[in-house]
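Structure record follows, encoded as structure tokens.
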Amino acid sequence: MNFLKLYLALRRHIKLSSRRHPMFEQNQVAKVFVYLGMGFTILYLIVIGTMLGWGTRGGDFTLLFTVMPFLLTLDFFMRFGMQQTPAMLIKPYLLMPLNRMRIIDCFLVSNLLSGGNFIWMALFVPYVFICVCSGLTLLGGLAMLALLHLLILVNSQWYLLVRTLVNHKIWWWALPIVVYLAMYGYAFIDIDKWLDTLFSFSEDYWFTWTGAAVTLLVGIVLFLINRRLQSHFVIEEVSRHESTKLRHVSQFSFLNHFGQVGEYLKLEVKSTLRNKTVKQRFIQGIVIITMLSLLLSLTDVYDGRFSTNIWCLYCFVFFGAVNLVKIMGPEGNYIDLLMVHKENIYTLLKAKYFFYCAILILPTLLLIPTVVSGRYSILMILAYLFLTSGPEYCLLFQLAAYNKQTLPLNDKITGKGNFENTLQLVVELIVFFVPVALALLVTGIFGDTIGYTILIIIGLLFTATHSLWLKNIYSRMMKRRYDNLDGFHTTR
């Protein structure tokens, strides 16, 4: 089978796999909202590209490149919710008489040709068009467009590299942190003069073609690194035989005072400590909320009204969003045991709720310096604390009634449950953006003091009545239990 036939066959398999997925039918409505969201995103990008293009009428055609570090960072983190690595897809083909490296090449090429890489054209094309109308030569405009698109393609390969390493060891997060800090640090060193020298688009557009050639070379190097790296980790994971020696068993006896809820709290803690997939998501969430909290506490980089609200919310909700979106996924490995006594599910949900509420203590403590310095008000922090423990967790816990995909406990690279489905993505978007919009609306109408007080009351009402909405979720889970059991069994 030649490369083209293999490539087309694998693309067909991926499409069929998504259509045959147990979540396909129930996510049809959610997909409509995702498509609408993509349409609005493209519209916004066209508007932003046009506005940036109008800013170049004075002849400064390098304007877009001053914000490219931010756009590349945004593109990098957006891919975590939408893009799988070849290592996650190749596992079913390892037993077939096909060349492993050729399969990886097909998946890497498919990644480069995916529609997500072309969405940014909605921003680039209007910008370049206005630049050409403002005096940039047509050849210079084509060179600029090629360079901008190549930067996105290189960023996609960079994401695959980082995602593969992070899935293997969480400490690899240091690599993108260092790279992006260097990028932003260098950008502040007379960026306008640097860009004017390197990208003299109006006369010496060959500089742009040179930049595109260098970017292409970097992309090729990352492509070659990716194909070797992912092949190595996949083979290492599927062929490794680990022998675990049990040296110490933590009893967590202080949880005995909470009865059966305490027993399920022990299960939650031990699952986090012992299972690789769960541990990875836990550490990732803790690291991110700690970094965000320290960044807000020790710097004044986000002092705008919108930035202040959205990053304060992220400090509280990020951990729950990345973990609770897969709620009941780890339990899918042993859901039959939990169903022996169906009341166990309600107790498990209560234990999970208390566990995730306890995590909120960490960002609350880390944000105390912002209150002492007067940058953040204690009302705002309490508002987002209780919005998270109340309405946000209430929405995320609703997924317990609909999630029916088992999350592998120890697969780090090739795990089947590492990709969010459409319903989960919609819920994530809601919990990340709707509370901020609500807070800005309420505080804009009533002022900060009354506005945040209203949000605190709303959050406290949901938090105090957690047993009511948890019982409702439990009741709906019991009505769907056979459908969910079938989904958990199918996706193991």
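The values are calculated or read from the model by the stated rules, or taken from the named source; none is laboratory data. All values derive from a computational prediction rather than experimental measurement. Cβ placement follows ideal geometry from the backbone for every residue including glycine, while neighbour counts extend to all protein chains displayed. To get the accessible areas, we keep the full protein, side chains included, count just its heavy atoms, and leave off ligands, DNA and RNA. Shrake-Rupley method; radii C 1.70, N 1.55, O 1.52, S 1.80 Å.
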Rounded to the nearest whole Å², what accessible area per residue is found for the stretch 351-492 with the 1.4 Å probe? 42 Å²
Peptide ranges 469-479, 383-393 listed from the most packed, as the mean C-beta count within 10 angstrom indicates: 383-393, 469-479
Which order do peptides 123-133, 281-291 fall in by mean Cβ count within 10 Å, highest first? 123-133, 281-291
Over all directions, the average projected area of the alpha-carbon convex hull for the stretch 451-492 comes to how many nm²? 4.3 nm²
Using all alpha carbons of the stretch 333-396, what is the percent of pairwise distances in each 5 Å bin, ordered from the shortest bin to the longest? 4, 15, 19, 17, 13, 11, 7, 6, 5, 3, 1
By per-residue mean of other Cβ atoms within 10 Å, what is the highest-first order of 229-236, 9-16, 367-374, 157-164? 157-164, 229-236, 367-374, 9-16
Round to a whole number: what % of the accessible area of the stretch 98-182 belongs to carbon and sulfur, probe 1.4 Å? 77 percent
